[in-house]
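The values are calculated or read from the model by the stated rules, or taken from the named source; none is laboratory data. This one's a predicted model, so the numbers in the text were calculated from it and none came from an experiment. A quick note on method: Cβ atoms are made from the backbone with ideal geometry, for glycine too, and the neighbour counts reach across all protein chains shown.
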Amino acid sequence: MRVGIKGIGFCVPKKVLTNRDLEKMVDTSDEWIRTRTGISERRIAEKGTGTSDLAQEAALIALKNAGVLPGDVDLIIAATTTPDMPLPSCACLVQKKIGANKAAAFDLGAACAGFVYALITAEQFIKNGTYRNILVIGADLISSYIDWTDRSTCVLFGDGAGAVLLAPVQSGGILSGVIGSDGQYADLLKISAGGSKTPASAETVNAKAHYLKMSGSEVFKLAVRGMADAVNGALAKAGLKLEDIACFIPHQANQRIVDAVAERLHFPKEKVYINLFKYGNTSAASCAIALYEAVEEGRIKKKDKVVMATFGSGLVWGALILEW
Ligand code: UT7
C-alpha cells in the first residue's frame, strides 16, 4: 500500500513584521538580516491568537482540497511545540474547531522537524491498516516565546501553520523517510522555563527564562550536516539519486543554511524552493507551507519526486521523499 498527500493547506497571520520594523525595536539593520539570513519579513499573530486558530484554517483548506469531510478524519496529529496551552493538546482543540468528531487526536513534539516526524508517524498508522484519513498539521506560534529585545533570535522567526490530509493512494506518495535525534545538544536551542522542571513564576519571568534561547552558530553547523545526511539517508532508503529529485523543500530557517546544504549535497540551486524571505522560520509549519507554495507556483508537478529536509531543537532532524 502507498500513502500520499490528498490535500494541502496553510495559514499565516495577516500582520507583517518587516526588517525595517525590527530596526526600530532592536540594534539591527535590514541589511544585516537579509545578508545573514535571507529574511525580509515574517508574519506575527495578533494577541489572543492560539496555534490552534492557525492550524484550524490550514486544516480546513487541506480537507477541502482533498474532498474529505471533517467527520471522515480518523486521526489528527498536530506537530507543535507551541500549543495554545499545556493541556489539552492543540490537536484536540483543532478537532473541536473543525468538527472532526470521530477522530483521535494528539500533539507531536519535534520542534522544527515536527512536520516530517508527523508525516512518518501518520504513514505507519495507514500502512498497518489502523486508519485511512489522517490530518497531519505542522503549526507554531513561536512569536509567543520570542524575546523581542534579543536581536539574535527575534529577527529569525515567524508564525504559521500547514496541514495535509494523508491517505492511501494508488501510486507514488511517500517513498521513504528518515528521522533522527541527538539529545546531547539539547542546550543549544531551548525554552528553559514554563515546563515541569521550572514552572512559570515571577522569578522565571524576570529572568526571561520563558523565552527561546539559541546558540546560533553551533546550531547552524549541525543543521547543515544533519539535513544533508538526512537527505542522503532518505535517498538511499528509496533507492534514488539526487538527479531523480525535481524539487528540494528545505526547512526555511536561513538562506545560508539552505545554500550550505545544497552545496554539501551538490544539489542544483534552481531546484531548491525558498520562501523564507517572506515568512522567516515558522518552525513545524515551515516545510508544509513551502510545499503548498511550491505546488501553487508550479515548481512541483504531478509525478515529480520531492525531498523535504528539516532540523530543530532537540536536536532533531528528518527527511522525506514523496512522489507528488
Ligand atoms: O530551526 C532551526 C533554528 N535555528 C536556526 O535556524 C539558527 C541557525 N543559526 C543561524 O541562522 C545564524 O547562526 C544566525 C543568523 C542566528 C547568526 O548568524 P551568524 O553568522 O552565525 O552570526 P553570529 O551569531 O556569529 O554573530 C555575528 C555578529 C555578532 O556580533 P559580534 O559578536 O561579532 O560583534 C552578533 O552579536 O552579529 C551580531 N548579531 C547581529 N547584528 C545585527 C547577531 N544578531 C544580529 C542582528 N543584527 N539581528
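Counting just the residues of segment 207-220 that are charged (D, E, K, R) and more than 9 Å from the ligand (Cβ to nearest atom), which one comes out nearest to ARG151 (Cα to Cα)?
Step by step, filter segment 207-220, then rank; the result is LYS213.
Considering each of ALA209, ALA186 in turn, give the residue that is surrounded by fewer than 19 Cβ atoms within 10 Å (Cβ to Cβ), under 23 Å from PRO83 (Cβ atoms), in contact (Cβ under 8 Å) with a residue 12 or more places away in the chain and within 21 Å of the chain's Cα centre (by Cα). First the steps, then the outcome.
Details: ALA209 fails: within 21 Å of the chain's Cα centre (by Cα).
From the options ALA209, ALA186, the qualifying one is ALA186.
Go through segment 163-189 residue by residue and tally those that are closer than 30 Å to ARG132 by Cβ and within 14 Å of the ligand (Cβ to nearest atom).
So the answer is 1.
What number of residues within segment 243-261 satisfy the criterion of being away from the ligand (no atom under 14 Å from the Cβ) and under 19 Å from the mean Cα position of the chain (by Cα)? Give the derivation first.
Here is the first cut: in segment 243-261, the ones away from the ligand (no atom under 14 Å from the Cβ) are 243-249.
In the following step, the residues that additionally are under 19 Å from the mean Cα position of the chain (by Cα) were identified as 247-249.
Residues that pass the stated criteria total 3.
If you take the residues of segment 163-184 that are modelled with pLDDT of 95 or more and of a type in the set (Gly, Ala, Ser), which of them is farthest from LEU322 (Cα to Cα)? Even if it seems obvious, please write down each step before you answer.
Initial filter on segment 163-184 (modelled with pLDDT of 95 or more): 163-169, 173-184.
After this cut, where a residue has to be of a type in the set (Gly, Ala, Ser) as well, the list is 163, 167, 173, 176-177, 180-181, 183.
On the way: ALA163: 16, ALA167: 13, GLY173: 5, SER176: 7, GLY177: 9, GLY180: 18, SER181: 22, GLY183: 28 Å.
So the residue we want is GLY183.
Would you mind finding the one in PHE311, PHE277 that is within 15 Å of the ligand (Cβ to nearest atom) and surrounded by fewer than 21 Cβ atoms within 10 Å (Cβ to Cβ)?
Result: PHE277 is the single residue among PHE311, PHE277 that is within 15 Å of the ligand (Cβ to nearest atom) and surrounded by fewer than 21 Cβ atoms within 10 Å (Cβ to Cβ).
Within segment 154-166, is there a residue that is touching a strand residue (DSSP E or B) at 6+ places or on another chain (Cβ under 9 Å) and surrounded by fewer than 18 Cβ atoms within 10 Å (Cβ to Cβ)?
no
Just a yes or no: is a residue in segment 260-268 surrounded by 15 or more Cβ atoms within 10 Å (Cβ to Cβ), out of contact with any strand residue (DSSP E or B) (no Cβ under 8 Å at 6 or more places or on another chain), within 30 Å of LEU17 (Cα to Cα) and of a type in the set (A, V, I, L, M, F, W, C)?
Scanning segment 260-268 turns up at least one residue that is surrounded by 15 or more Cβ atoms within 10 Å (Cβ to Cβ), out of contact with any strand residue (DSSP E or B) (no Cβ under 8 Å at 6 or more places or on another chain), within 30 Å of LEU17 (Cα to Cα) and of a type in the set (A, V, I, L, M, F, W, C).
So, ARG20, is that one more than 10 Å from the ligand (Cβ to nearest atom) and crowded, with 21+ Cβ neighbours inside 10 Å or not?
So ARG20 fails the test.
If I go through segment 268-292 residue by residue, how many of them are part of a helix (DSSP H, G or I) and either within 11 Å of the chain's Cα centre (by Cα) or touching a residue at least 60 places away in the same chain (Cβ under 8 Å) (or both)?
The total comes to 14.
Tell me the residue from VAL306, VAL258 that is of a type outside the set (Lys, Arg), in the same structural domain as ALA319 (by TED's automatic domain parsing) and under 16 Å from ILE39 (Cα atoms), please.
VAL258
Please name all residue pairs, on different chains or six or more residues apart, with Cβ atoms under 7 Å, provided the first residue is in segment 232-255 and is at positive phi and outside the structural domain of PHE157 (by TED's automatic domain parsing) and the second residue is modelled with pLDDT of 95 or more and of a type outside the set (A, V, I, L, M).
none
Looking at (1) touching a Leu at 6+ places or on another chain (Cβ under 8 Å); (2) within 19 Å of LEU320 (Cα to Cα); (3) not assigned by TED's automatic domain parsing to the domain that holds VAL231, which one does GLY158 not meet, given that it meets all the others?
Going through the list (1) touching a Leu at 6+ places or on another chain (Cβ under 8 Å); (2) within 19 Å of LEU320 (Cα to Cα); (3) not assigned by TED's automatic domain parsing to the domain that holds VAL231, GLY158 breaks only (2).
Determine whether GLY226 is surrounded by 14 or more Cβ atoms within 10 Å (Cβ to Cβ) and touching a Phe, Trp or Tyr at 6+ places or on another chain (Cβ under 7 Å).
Details: surrounded by 14 or more Cβ atoms within 10 Å (Cβ to Cβ): yes; touching a Phe, Trp or Tyr at 6+ places or on another chain (Cβ under 7 Å): yes.
Yes, satisfied.
Name the one entry in ALA79, ALA55 that is surrounded by 17 or more Cβ atoms within 10 Å (Cβ to Cβ) and within 16 Å of the ligand (Cβ to nearest atom).
ALA79
Which one of these is at pLDDT 95 or above, among the hydroxyl-bearing types (Ser, Thr, Tyr) and within 27 Å of GLY194 (Cβ to Cβ): THR130, THR51, THR18?
Result: THR51 is the single residue among THR130, THR51, THR18 that is at pLDDT 95 or above, among the hydroxyl-bearing types (Ser, Thr, Tyr) and within 27 Å of GLY194 (Cβ to Cβ).
Need at least 2 residues that are touching a residue at least 40 places away in the same chain (Cβ under 8 Å) and in contact with a Pro (Cβ under 8 Å, 6 or more places away or on another chain) per element, so show me which strands (runs of 3 or more DSSP E) inside segment 1-117 make the cut, counting only ones lying wholly within it. Full working, then the answer.
On the way: elements: 2-11, 16-18, 41-43, 75-79, 104-108.
Ranges flagged: 2-11.
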